[in-house]
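Contents: one structure, followed by commentary.
The values are calculated or read from the model by the stated rules, or taken from the named source; none is laboratory data. As the structure is a computational prediction, the values presented were derived from the model and not from experiment. Note that we place each Cβ from the backbone using ideal geometry, even for glycine, and neighbour counts take in every protein chain shown.
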Amino acid sequence: MVIWSKITLDLGSGGQLGEEVVFSGIQPSGRIHVGNYLGAIKNWVKLQDQHLCYYCVVDYHAITSPYEPGAFSQAVLDAVAANVAAGLDPDRSVIFVQSQVPEHTELCWILGAVTPAGELQRMTQYKDRARVRREVVNAGVLTYPILQAADILAYKGTLVPIGEDQAQHLELTREIARKFNAAYGPTFPEPQVSFSPSPRIMSLSDPRVKMSKSIPGSYLSLMAEPAAIQETVARAVTDTGPTPGGEMSPGVATLFHLLDAFAPGETAERFRAAHRQGGLRYSELKAVLAECLIERLEPIRRRYRELMARPETLKDIVRHGTARARPAACATLEEVREKVGILKV
């Protein structure tokens with residue numbers, strides 16, 4: 001369910017009074033999969049026709065996890081290409097790269113001054129990495145939610161499309177906005193969350209967990225070639241144990257979620273009827289699903305290949321987005337600096 005809660009504050013630099021200002025971050029981690037597309041990108045494409053949308057490749061967030069520096073800038077361009085190929089329009093949305101707008105990091109520092117350290121230590125993602133996985137956690141992981149808040153509040157964002165795993169961070173953003181407003185006067189709206197209306201797409205190798213690009217065989221890349229699509233779908237797990245009569249196993253349910261998203265309605269209904277009657281053949285379901293995926297994803301793959309062959313075009317998209325994003329972020333930061341008493345010379 002998508003929550004469309006209107007914010008009544010004056011949005012200042014973010015946009016006109018009464019319109020939603022949407023912000024969402026894009027990780028430059030490569031291998032965007034169909035779960036990402038259905039759970040996030042497809043919703044972003046819809047939102048860009050309704051509201052002022054800022055979509056940011058969050059490269060500073062990405063370097064808090066292990067990465068390859070020599071390939072990193074290419075990964076950022078890859079993320080831009082994949083999302084534009086999937087439907088984000090540089091003229092209808094503001095598509096930019098986090099590190100190209102330095103106001104994010106300055107605002108992060110200022111917001112850190114109103115953020116209790118204990119709140120950061122209670123974040124589930126931090127605790128998971130620090131205690132469950134027993135990683136030596138860098139300070140960037142701890143302060144990640146403050147930078148995320150700065151990303152959103154720099155544009156006075158009012159609506160944030162996120163996955164359920166980011167809901168705790170978004171609530172902290174709201175708390176940071178409240179604390180800043182209480183200390184320095186009304187400045188930021190409290191952004192509302194927007195969850196995707198699409199069901200969560202589970203792993204094709206273990207349907208008990210979410211599809212993840214970190215697990216080989218778990219995901220289906222949005223840019224996969226036809227042969228790879230056929231192979232991945234053919235290997236998808238169907239039955240994982242006893243299933244009550246008349247119910248779908250989690251694996252079969254995942255295949256039907258994909259069928260609903262990529263096949264004509266009558267095709268999905270035909271297979272549902274076969275399931276209800278006890279005559280569903282998994283091999284036929286998988287073959288038809290693979291054909292539908294190949295057909296529907298081909299325009300995205302083609303556009304992606306065209307963009308990746310033109311790196312200057314991708315850089316122009318980033319420059320164009322930066323030129324649109326920075327004035328809004330600068331105006332917000334100027335207001336914030338004045339309110340907190342930073343010297344202006």
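Brief remarks on what is shown
- The single condition among (1) within 25 Å of residue 323 (Cβ to Cβ); (2) crowded, with 21+ Cβ neighbours inside 10 Å that residue 49 does not meet is (2).
- Restricting attention to the range 96-127, the residues that are among the polar types (S, T, N, Q), farther than 22 Å from residue 180 by Cα and surrounded by 13 or more Cβ atoms within 10 Å (Cβ to Cβ) total 4.
- Restricting the first member to the range 131-150 and to residues that are in contact (Cβ under 8 Å) with a residue 40 or more places away in the chain, and the second to residues that are aromatic (Phe, Trp, Tyr), the beta-carbon pairs closer than 7 Å and six or more apart or on different chains are 141/126; 147/60.
- Scan of the range 213-230 for residues that are crowded, with 18+ Cβ neighbours inside 10 Å and within 18 Å of residue 86 (Cβ to Cβ), ordered by number: 219, 220, 221, 222, 223, 224, 229
- Count - residues of the range 114-154 that are within 30 Å of residue 53 (Cβ to Cβ) and not in a helix (DSSP H, G or I): 4
- Summed over the range 151-189, the residues that are on the phi < 0 side of the Ramachandran plot, in contact (Cβ under 8 Å) with a residue 40 or more places away in the chain and of a type outside the set (Phe, Trp, Tyr) give a count of 22.
- The residue that is modelled with the highest pLDDT, among those in the range 159-195 that are assigned to a loop (DSSP other than H, G, I, E, B) and hydrophobic (A, V, I, L, M, F, W, C), is 188.
- Note on the range 87-103: residues that are part of a helix (DSSP H, G or I) and of a type in the set (A, V, I, L, M) total 0.
- Restricting the range 20-64 to residues that are within 17 Å of residue 99 (Cβ to Cβ) and in a helix (DSSP H, G or I), the residue that is farthest from the chain's Cα centre (by Cα): 60
- Qualifying residue in the range 56-75 (condition: touching a Leu at 6+ places or on another chain (Cβ under 6 Å) and crowded, with 22+ Cβ neighbours inside 10 Å): no
- The criterion of being in contact (Cβ under 8 Å) with a residue 40 or more places away in the chain and part of a loop (DSSP other than H, G, I, E, B) holds for residue 198.
- Any pair with Cβ under 9 angstrom, 6 or more apart, that starts in the range 29-55 at a residue that is assigned by TED's automatic domain parsing to the domain that holds residue 297 and ends at one that is of a type in the set (Val, Ile, Thr): none
- Residue in the range 201-212 that is farthest from the chain's Cα centre (by Cα), counting only those that are surrounded by 16 or more Cβ atoms within 10 Å (Cβ to Cβ) and charged (D, E, K, R): 206
- Single unsatisfied condition, residue 84 versus (1) touching a Phe, Trp or Tyr at 6+ places or on another chain (Cβ under 6 Å); (2) not in a loop (DSSP other than H, G, I, E, B): (1)
- Residue match in the range 104-127 (condition: in contact with a Leu (Cβ under 7 Å, 6 or more places away or on another chain) and over 20 Å from residue 173 (Cα atoms)): no
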